[in-house]
1. Hey, can you tell me all the residues within the range 289-304 that are open to solvent by less than 10 Å² (accessible area, probe 1.4 Å) and of a type outside the set (A, V, I, L, M)?
2. If you scan the range 28-40, which residues turn out to be part of a helix (DSSP H, G or I) and either closer than 30 Å to Glu463 by Cβ or basic (Lys, Arg) (or both)?
3. Suppose we keep only residues that are of a type outside the set (Asp, Glu), in a helix (DSSP H, G or I) and out of contact with any Ser or Thr (no Cβ under 9 Å at 6 or more places or on another chain) within the range 370-397. Which one would you say is most open to solvent (accessible area, probe 1.4 Å)?
4. How many of the residues in the range 151-173 are within 28 Å of the chain's Cα centre (by Cα) and either at pLDDT below 95 or of a type in the set (Phe, Trp, Tyr) (or both)?
5. Quick one: count up the residues across the range 312-329 that are open to solvent by 40 Å² or more (accessible area, probe 1.4 Å) and either closer than 17 Å to Cys299 by Cα or in a helix (DSSP H, G or I) (or both).
6. Every residue in the range 103-138 that is at positive phi and in a strand (DSSP E or B), please.
7. Kindly indicate which of Phe374, Phe363, Phe397 is among the aromatic types (Phe, Trp, Tyr), farther than 20 Å from Asp473 by Cα and modelled with pLDDT of 95 or more.
8. Name the one entry in Ala235, Ala263, Ala259 that is farther than 20 Å from Val166 by Cβ, part of a loop (DSSP other than H, G, I, E, B) and in contact with a helix residue (DSSP H, G or I) (Cβ under 9 Å, 6 or more places away or on another chain).
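The values are calculated or read from the model by the stated rules, or taken from the named source; none is laboratory data. Only a predicted model underlies this, so the values are computations on that prediction, with no experimental measurement involved. Note that we place each Cβ from the backbone using ideal geometry, even for glycine, and neighbour counts take in every protein chain shown. Please note that ligands, DNA and RNA were not included when accessible areas were found on the heavy atoms of the full protein model with its side chains. Shrake-Rupley method; radii C 1.70, N 1.55, O 1.52, S 1.80 Å.
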Amino acid sequence: MVIDFIADYYNNIEHYPVLSQVKPGYLRHLLPRSAPLAAEPIEEIIKDIETHIIPGITHWQHPAHFAYFPCTASTAGILGELLTAGLNVVGFSWVASPAATELEAIVMDWLGELLNLPKPFLFSGNGGGVIMGTTCEALLATLVAARDRKLAEIGEGEIGIGKLVVYCSDQTHCAFAKAAKIVGIKQGNVRVVPASKTTSFGLCPDELVRAVRSDRDRGLVPLFLCATVGTTPTAAVDPLLPLCRVAREHDIWVHVDAAYAGAACVCPEFRHVIDGVEGADSFSLNAHKWFLTTLDCCCLWVKDPSALRKSLSTNPEYLRNQASDEGGVIDYKDWQVTLSRRFRCLKLWMVLRSNGVANLRNFLRSHVRMAEAFEKLVAEDARFEIVVPRRFSMVCFRMVAGARRRGDCVVVDDGVANLVNKKLLESINGSGRVFMTHAVAGGIYMLRLAVGATLTEARHVAEAWKVVREQADAMDVEGIVGC
């Protein structure tokens, strides 16, 4: 019955408004105040899912879901998740479930090779990979490892940790600042380097150099750089090669966060965006974003697994066993913050095998082509502009408003344009036909169309543009500007 329900859901998904239309607190008025004393039939439970839960869902698998970044699903991913839940193993150590550990190591080498990661990141090159839940966990684990390695050099205690500085751009995901806070980095020592439109919102190596030298002159200790390939606001790409050179000069751990765009690197034509990754210490991508693998599945590779193990190992008596004591196996509990872990690699293994590399590449390329088509449509309408060049499958655009001529140039009043585009986005999402989100970079409020849902076809992208134009036609721009 549940399988049929899921199948029917996907068959009918286009009939739902993409963005949930409910109000906060709606569900508490629909469900009983306490859990049932007696068992209830599955038919009644499914009925409540249909009538109470589905209306409160924003449909991430809807083909017109263009918000945030994609969270892809597939038959193989769903069945892998079903097998994971059915087997329900807890693979914290090799002996706790040998197949779970060994399959994960194999799959991580498979995917690392597809990405053409340098051999030192792979188990075959004395590095290795681990599957975590999300990038937040990957950042936390690598920050802990980098912190402890540095404190071993300069001395522990409040004075030592108080000197540590971490670096990112103002386009870096907020998860990095949260992870830095958790590991004890002072808020004032999270160095946020501004990015600008002149560098396409990528982190400028020269600005990083200035920040690092300034910190060293004040007696601080540079620790960690989070470089991003495919930032959340604009899909910007930080230039890894020069950034890693700066980091190497100052003994800074470099983590490359490729949560969204990393998957594209299995396509040879996109691999260049991670040129220079050989100079990094760790690299992660989310297979659940754009690689047909259901949430959650963050793939992290490190050159030096011992750095993770030194910081995260736990060896109580009740977990000791001969295989671990002999040291010839991987105990993934020592690579992550949590002890328990799911058999996540099973679904990634099924996605790789059920699709094959050629089909996965075609899947990614199809989304890029759709984004290219949308970008062309935007460029053809004089009312709109592309804010930054399209990257991968995401288009950042805005309606030009408040423009005035200054000599031979047309200047846009960003304050007015920001207000107009905010209203435009509200009306687009209020239609229920598509769902987009926004970003602000360089003071510019822009709309983001991120193509990536598994069911999205060219017709859905064309319909999205139709909705944008219809809502723009209906807007009282002069009235908004006047207010």
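1. The answer is Trp290, Phe291, Thr293, Cys297, Cys298, Cys299, Trp301.
2. Arg28, the sole residue that qualifies.
3. If we take residues in the range 370-397 being of a type outside the set (Asp, Glu), in a helix (DSSP H, G or I) and out of contact with any Ser or Thr (no Cβ under 9 Å at 6 or more places or on another chain), then Lys376 is most open to solvent (accessible area, probe 1.4 Å).
4. 1
5. 5
6. Answer for the range 103-138, where residues must be at positive phi and in a strand (DSSP E or B): just Gly128.
7. Answer to the selection: Phe363.
8. One residue alone meets the criteria, Ala235.
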